[in-house]
Protein chains: 2
Amino acid sequence: MTTARVRRTATTLADGRDLLYFDDTEPYVSGGRTRRLDDPRPLADRYADVPGEDGAPRPFQGPEMRLDPLTGEWVPMASHRMNRTFLPAADSCPLCPARPGAEYSDGEVPDTDYDVVVFENRFPALMQVPGTGLDDGWDVDGSDLWRARPAAGRCEVVCFSADHTSSLGAVGPRRMRTIIEAWADRTRELSALPGIEQVFCFENRGKEIGVTLPHPHGQVYAFPFVAPRTQAMQRQAAAHQAATGRNLHRDILDGERKAGVRVVLESEHWTAYVPAASRWPVEVHLAPHRDVLDLPGLSDAERDDLAVVYLDLLGRLDRFFVGPDGSAIPLPYISGWHQAVVGEGRELGRLHLQVFSVLRAPGKLKYLAGVESGVGAWISDTTPERIAARLQEAAR
Amino acid sequence: MTTARVRRTATTLADGRDLLYFDDTEPYVSGGRTRRLDDPRPLADRYADVPGEDGAPRPFQGPEMRLDPLTGEWVPMASHRMNRTFLPAADSCPLCPARPGAEYSDGEVPDTDYDVVVFENRFPALMQVPGTGLDDGWDVDGSDLWRARPAAGRCEVVCFSADHTSSLGAVGPRRMRTIIEAWADRTRELSALPGIEQVFCFENRGKEIGVTLPHPHGQVYAFPFVAPRTQAMQRQAAAHQAATGRNLHRDILDGERKAGVRVVLESEHWTAYVPAASRWPVEVHLAPHRDVLDLPGLSDAERDDLAVVYLDLLGRLDRFFVGPDGSAIPLPYISGWHQAVVGEGRELGRLHLQVFSVLRAPGKLKYLAGVESGVGAWISDTTPERIAARLQEAAR
């Protein structure tokens with residue numbers, strides 16, 4: 001496979017949000033045309049005054065986050081999203097391209113076609129509001145037990161295909177390669193924003209995990225803090241580094257390759273394995289052989305290889321469970337890229353993808369109830385070795 | 001209310017599991033009768049050999065748990081539960097009392113009535129297998145990256161009522177008082193088992209969180225480790241103690257009572273409040289005014305008061321959401337008692353109940369997808385002050 005040529009075209013939506021086309025197919029359907037790319041919709045200024053509880057306008061404040069003294073975790077409060085006025089018509093999808101000939105789209109993408117497109121979420125949980133200092137912090141109710149700050153991050157949507165009925169697993173290696181380019185681009189740009197400590201590119205797939213828009217898409221969250229599970233990995237990696245002088249993630253990859261039993265696939269640059277202490281009913285990790293901190297750090301050859309390997313893995317996941325008639329059951333899944341944090345402790349990280357599912361069996365979900373959600377303890381209903389054996393079998 | 005008189009009767013099921021009746025109503029329907037209390041069912045020895053993958057018998061090995069090197073968390077693997085042979089008949093409930101006149105019940109309770117009953121889970125995620133040393137540990141695949149141990153804890157079921165169609169919120173203060181007695185009893189006994197580090201009494205209520213048995217019941221897990229969320233609270237409490245010399249949980253309770261805005265109810269011995277950094281769509285904590293480590297530490301007066309307050313709180317939760325016709329919508333919820341750990345750091349704890357729900361609005365669930373399950377970051381869709389205002393309104 002030759003290295004992808006991707007044409008990146010940046011534009012701005014009517015309410016000021018950034019939108020970026022990543023096109024790989026000449027004549028570059030979005031970025032290459034002369035047609036107007038700006039968004040003609042009459043959208044309100046996203047920073048405009050909002051009605052207060054008494055009906056009078058008050059200045060838009062963006063989301064806040066509070067530090068939970070019980071756990072030390074920041075909790076963004078997206079209460080500004082509660083009064084969503086935007087409800088797309090039942091027959092329209094906000095992620096589809098505009099209809100040809102329509103004066104403007106009621107969806108989010110102004111152009112009539114695209115290969116891959118990324119834009120800021122219209123109702124983001126995290127948002128950098130101009131004029132809101134990142135260092136603004138305050139005490140809730142005047143008590144220093146409860147610190148609060150603006151939830152000054154960023155949330156973006158990544159559309160994997162203009163085809164509403166497609167899926168990431170079906171886009172083919174060339175388009176997958178473009179998506180990798182988009183993820184790397186967003187990671188690099190969002191990491192450079194003020195106050196961002198972690199960039200997380202992920203996909204939620206399936207109505208079983210609450211996905212309401214079937215159009216194939218993922219998301220990118222740029223957090224103004226290090227997320228709790230990432231903090232736990234940083235603590236573990238620091239302790240391992242102190243004890244052994246080595247990188248924890250590297251040692252895990254080497255250990256899994258040596259043990260072999262849980263390795264699902266190996267390519268020139270990548271290995272996929274079910275971790276020895278995996279907790280989900282289906283779980284697999286994918287890591288590069290070379291030490292790489294984040295997606296922007298991948299070479300062209302590693303990206304080319306990843307495009308093929310990623311699709312291979314998604315295919316196996318969709319063949320993991322088989323229905324009574326022998327047909328495959330598309331797996332609801334969550335996939336996310338764990339990347340090195342932006343600031344302190346960055347060198348402790350190592351890029352890896354985690355893909356997992358809450359589906360225990362066809363029609364049976366693992367619920368996160370008292371044990372998981374109350375005290376954070378996880379009970380696996382299976383073993384990593386069984387998951388790996390099934391994923392090994394499920395090769396095309 | 002006078003202090004409850006509870007008659008506790010211990011018996012053993014056919015496969016060796018413990019079962020305990022807690023009866024508060026004379027003539028003590030279960031414990032006071034002369035009828036045979038032992039279980040006549042032909043149940044297999046729960047420690048009997050099991051068929052191996054080649055069909056030949058192999059010794060029963062209880063559940064194992066592995067230490068996840070990425071997070072430092074123990075992951076019990078309940079793979080021994082996967083071949084469950086026990087499927088109650090469609091018209092029978094395993095938690096209902098035995099039918100009068102039947103030679104034996106196919107449910108779990110041998111007697112024909114009970115007030116409150118507790119028994120060991122037949123297919124437990126955590127289990128102490130005789131002859132399995134608690135200090136037995138081993139390396140997975142010979143690598144010290146992956147430590148494993150027996151998941152040597154205990155899982156019990158608590159039936160709140162013999163009435164299949166009732167609910168905890170409907171049992172009345174006398175029965176609630178008996179349930180509190182049962183929780184305290186189980187906490188005291190399970191805390192004394194070898195290797196137990198934490199006892200968690202909880203209830204999952206509602207099919208929305210995966211509850212398949214509608215019979216009103218809760219569970220008790222005795223963990224052979226400190227659960228991750230509890231570990232986080234211990235870290236926070238230790239840091240607070242070091243910085244201020246005070247107990248974190250005490251300061252939070254005092255802070256909430258001083259701020260007042262999020263206080264839902266106050267009685268002589270208890271205060272319920274929505275924590276200033278709550279993260280669930282509905283969440284409320286309930287704490288005693290006196291410093292108490294765990295349920296066994298509560299005085300009779302505190303238990304009497306709790307029985308009333310707990311039911312008040314459950315009533316408000318069931319009036320939290322209102323349907324289009326003005327009718328209340330029973331809230332799916334998770335409730336759990338955070339108690340002091342058994343061993344090191346015990347003095348950092350302080351008893352409190354956490355009740356929360358994944359219901360964002362009638363028919364709308366909060367799903368734990370990429371952000372929550374991938375990196376452990378939580379986004380609240382509301383504010384603690386809004387939740388508190390609704391719970392304040394929802395007083396009967």
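So here's what we get for this one:
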| quantity | calculated |
| --- | --- |
| Given (1) under 30 Å from A:A148 (Cβ atoms); (2) of a type in the set (D, E, K, R); (3) out of contact with any strand residue (DSSP E or B) (no Cβ under 8 Å at 6 or more places or on another chain), index of the condition A:D304 fails | (1) |
| Residue match in segment A:269-288 (condition: in a loop (DSSP other than H, G, I, E, B) and more than 26 Å from B:P69 (Cβ to Cβ)) | no |
| Qualifying positions in segment A:259-301 - in contact with a helix residue (DSSP H, G or I) (Cβ under 6 Å, 6 or more places away or on another chain) and among the basic types (K, R) | A:R262 |
| Test set (1) assigned to a helix (DSSP H, G or I); (2) more than 30 Å from A:P63 (Cβ to Cβ) - A:Q231 fails condition number | (2) |
| So A:G218, is it of a type outside the set (A, V, I, L, M, F, W, C), assigned by TED's automatic domain parsing to the domain that holds A:Y114 and either in contact with a Leu (Cβ under 7 Å, 6 or more places away or on another chain) or in contact (Cβ under 8 Å) with a residue 60 or more places away in the chain (or both) | yes |
| Failed item in (1) under 24 Å from the mean Cα position of the chain (by Cα); (2) polar (S, T, N, Q); (3) more than 24 Å from A:P173 (Cα to Cα); (4) open to solvent by 10 Å² or more (accessible area, probe 1.4 Å), with A:N247 passing the rest | (1) |
| Tally of residues being open to solvent by 20 Å² or more (accessible area, probe 1.4 Å), over 19 Å from B:P332 (Cα atoms) and facing chain B (nearest Cβ under 7 Å) across segment A:355-382 | 2 |
| Selection from segment A:119-146 of residues that are crowded, with 18+ Cβ neighbours inside 10 Å and more than 30 Å from A:E108 (Cβ to Cβ) | A:V140, A:L145, A:W146 |
| Residue ID - surrounded by the fewest Cβ atoms within 10 Å (Cβ to Cβ), chosen from residues in segment B:250-268 that are outside any helix (DSSP H, G or I) and more than 10 Å from chain A (Cβ to nearest Cβ) | B:E268 |
| Those residues of segment B:364-396 which are among the polar types (S, T, N, Q) and either part of a helix (DSSP H, G or I) or free of Cβ contacts under 8 Å to residues at least 60 places away in the same chain (or both), in sequence order | B:S373, B:T383, B:Q392 |
| Single unsatisfied condition, A:G343 versus (1) touching an Asp or Glu at 6+ places or on another chain (Cβ under 7 Å); (2) small (G, A, S); (3) within 11 Å of chain B (Cβ to nearest Cβ); (4) more than 27 Å from B:V140 (Cβ to Cβ) | (3) |
| Qualifying position, being out of contact with any Ser or Thr (no Cβ under 8 Å at 6 or more places or on another chain), surrounded by fewer than 13 Cβ atoms within 10 Å (Cβ to Cβ) and either aromatic (F, W, Y) or at pLDDT 75 or above (or both), among A:F86, A:F60 | A:F86 |
| Selection status of B:R350, under 24 Å from B:S166 (Cβ atoms) and either open to solvent by 40 Å² or more (accessible area, probe 1.4 Å) or touching an Asp or Glu at 6+ places or on another chain (Cβ under 7 Å) (or both) | no |
| Every residue from segment B:190-215 that is free of Cβ contacts under 8 Å to residues at least 40 places away in the same chain and crowded, with 19+ Cβ neighbours inside 10 Å | B:L190 |
| Residue in segment A:223-237 that is open to solvent by 20 Å² or more (accessible area, probe 1.4 Å), of a type in the set (D, E, K, R) and within 19 Å of A:S357 (Cα to Cα) present | yes |
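The values are calculated or read from the model by the stated rules, or taken from the named source; none is laboratory data. Source: prediction; values computed, not measured. Cβ: placed from backbone, ideal geometry, glycine included. Neighbour counts: every protein chain shown. Ligands, DNA and RNA are stripped out before the accessible areas are found, and what is left, the full protein with its side chains, is counted by its heavy atoms. Shrake-Rupley method; radii C 1.70, N 1.55, O 1.52, S 1.80 Å.
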